[in-house]
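The values are calculated or read from the model by the stated rules, or taken from the named source; none is laboratory data. Keep in mind that what you see is a predicted model, and the values were worked out from it rather than measured. Glycine gets a Cβ as well: all are built from the backbone with ideal geometry, and neighbour counts include every protein chain shown.
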Amino acid sequence: MALDAIQNFQQLVETALENHCTISEVVLEYEMESTEKSRVELLEQMLGNWRVMKNSVLEGMAKQEATMGGLVKGSASIVEAAIAAKRISEDRLSKTVLRALAVAELNASMGLIVAAPTAGSCGILPAVLVTAQEEKNYPDDKIVMSLFTAAGIGLVLAKNASIAGAEGGCQAECGSAASMAAGALTELAGGTVNQVAEAVALSLKNVLGLTCDPVGGLVEVPCIKRNSFLAVNAIVASDLALAGIRSVIPVDEVIGAMKETGELMPLALKETAQGGLAATPTGKVIGKKLQEETFEK
Ligand code: SF4
């Protein structure tokens, strides 16, 4: 298949339909052309990423120490204990939630994670895919292919909008991660190419306007818990798409709306720690304390 560049989502969908293949195949082919690496090399590389993702879930779950800034400690263990005590149900949502918390907290403790698409949003994709694998017994090679779908979605988002909180707010970071996870999960579950596109659109629509307002400028509050909420967002979007629900606004137009929303967002809400939760009375106190501790060191 000839593909000079992936420009937008419609192009991804059309190329897949013309070639009677999945979006992951289109993205893998594109990667082979643009990196001049072989299929085997790229699959190996992605398998390496998948192993790091799985390990980050395990490491994050086992971690008991507080994060670097000291704002969050053992949130995955807290949820795990609540499940064990049957205070909350043990279903795929609660498992996804605790895995997203685990990986995001590991990131805030300088552990090894895969930025997908960024470090701040690193918990969403592993949480969704590890839980899907546990539930449906998907082999690693199928998950690896779904990661190419996620990569293609990230590429389209980066090209046509943004994947950086400093540029587009958290809609661009955790929002993009959730769309990547929604699309990957939909393909993994046997959804059609068009259903993958719908999952991306549905997921992204629900996060438009999400601000980037990290307390004290650290990727801890609200980032860690936000990973868990947006992992669930991804699952809901995928379920809706697989059920046959369609987004009234086409996916590329939703991506365009995300870009425009990011441009309209004031700087105070784009990772500057000057607005939103960072500017609340508590957020300011924490920010000041963190600053003083930094100067004392
Ligand atoms: S709030 Fe900002 S720093 Fe935190 S995850 Fe979202 S985009 Fe990243």
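For the stretch 53-66, the tally of residues that are outside any helix (DSSP H, G or I) and among the polar types (S, T, N, Q) stands at 1. When restricted to residues that are in contact with a helix residue (DSSP H, G or I) (Cβ under 6 Å, 6 or more places away or on another chain), assigned to a loop (DSSP other than H, G, I, E, B) and among the charged types (D, E, K, R), the stretch 1-52 contains 0. Scanning the stretch 209-230 for residues that are within 8 Å of the ligand (Cβ to nearest atom), touching a Pro at 6+ places or on another chain (Cβ under 9 Å) and assigned to a helix (DSSP H, G or I) gives a single hit, CYS223.
The residue of the stretch 224-244 that is surrounded by the fewest Cβ atoms within 10 Å (Cβ to Cβ), among those that are over 23 Å from LEU71 (Cβ atoms) and among the β-branched types (Val, Ile, Thr), is VAL236.
The lone criterion from (1) surrounded by 24 or more Cβ atoms within 10 Å (Cβ to Cβ); (2) closer than 23 Å to ILE78 by Cα left unmet by VAL221 is number (1). Filter the stretch 20-37 down to the residues that are surrounded by 14 or more Cβ atoms within 10 Å (Cβ to Cβ) and among the polar types (S, T, N, Q), then identify the one that is nearest to ILE153 (Cα to Cα). Restricting to residues being surrounded by 14 or more Cβ atoms within 10 Å (Cβ to Cβ) and among the polar types (S, T, N, Q), the top hit is SER24.
Flag not set for GLU173, criterion: acidic (Asp, Glu), touching a Ser or Thr at 6+ places or on another chain (Cβ under 8 Å), outside any helix (DSSP H, G or I) and buried (at least 24 other Cβ atoms within 10 Å of the Cβ). Here is the figure for the stretch 108-132: residues that are part of a loop (DSSP other than H, G, I, E, B) and either among the polar types (S, T, N, Q) or within 13 Å of the ligand (Cβ to nearest atom) (or both) total 12.
For every residue, the table says whether it meets (1) farther than 20 Å from ASN8 by Cα; (2) within 11 Å of the ligand (Cβ to nearest atom).
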residue: GLY169; (1), (2): yes, yes
residue: ALA184; (1), (2): no, no
residue: VAL232; (1), (2): yes, no
residue: ARG246; (1), (2): no, no
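Residues that are assigned to a loop (DSSP other than H, G, I, E, B), of a type outside the set (Phe, Trp, Tyr) and buried (at least 24 other Cβ atoms within 10 Å of the Cβ) are absent from the stretch 176-189 altogether. In the list GLU173, GLU105, GLU135, which residue meets the criterion of being touching a residue at least 24 places away in the same chain (Cβ under 8 Å), away from the ligand (no atom under 15 Å from the Cβ) and either closer than 28 Å to GLU65 by Cα or among the charged types (D, E, K, R) (or both)? Being touching a residue at least 24 places away in the same chain (Cβ under 8 Å), away from the ligand (no atom under 15 Å from the Cβ) and either closer than 28 Å to GLU65 by Cα or among the charged types (D, E, K, R) (or both) holds for just one of GLU173, GLU105, GLU135, which is GLU135. Among the residues making up the stretch 54-68, those that are touching a helix residue (DSSP H, G or I) at 6+ places or on another chain (Cβ under 8 Å) and modelled with pLDDT under 95 are LYS63, GLN64. Anything in the stretch 247-271 that is surrounded by fewer than 17 Cβ atoms within 10 Å (Cβ to Cβ) and outside any helix (DSSP H, G or I)? List them, or say none. Matches in the stretch 247-271: VAL248, ILE249, PRO250, PRO266.
Tell me yes or no: at least one residue of the stretch 195-208 is within 16 Å of the ligand (Cβ to nearest atom), in contact (Cβ under 8 Å) with a residue 60 or more places away in the chain and in contact with a Ser or Thr (Cβ under 9 Å, 6 or more places away or on another chain). There is no residue in the stretch 195-208 that is within 16 Å of the ligand (Cβ to nearest atom), in contact (Cβ under 8 Å) with a residue 60 or more places away in the chain and in contact with a Ser or Thr (Cβ under 9 Å, 6 or more places away or on another chain).
The set of residues from the stretch 138-167 being surrounded by fewer than 24 Cβ atoms within 10 Å (Cβ to Cβ), within 16 Å of the ligand (Cβ to nearest atom) and aliphatic (A, V, I, L, M) comprises ALA158, ILE163, ALA164, ALA166.
Each residue in the stretch 239-252 was checked for being of a type in the set (D, E, K, R) and within 14 Å of SER179 (Cα to Cα), and 2 of them qualify. Inspect the stretch 283-290 for any residue being modelled with pLDDT under 95 and either within 18 Å of SER162 (Cβ to Cβ) or of a type outside the set (Lys, Arg) (or both) and give the result as yes or no. The answer is yes, given that some residue of the stretch 283-290 is modelled with pLDDT under 95 and either within 18 Å of SER162 (Cβ to Cβ) or of a type outside the set (Lys, Arg) (or both).
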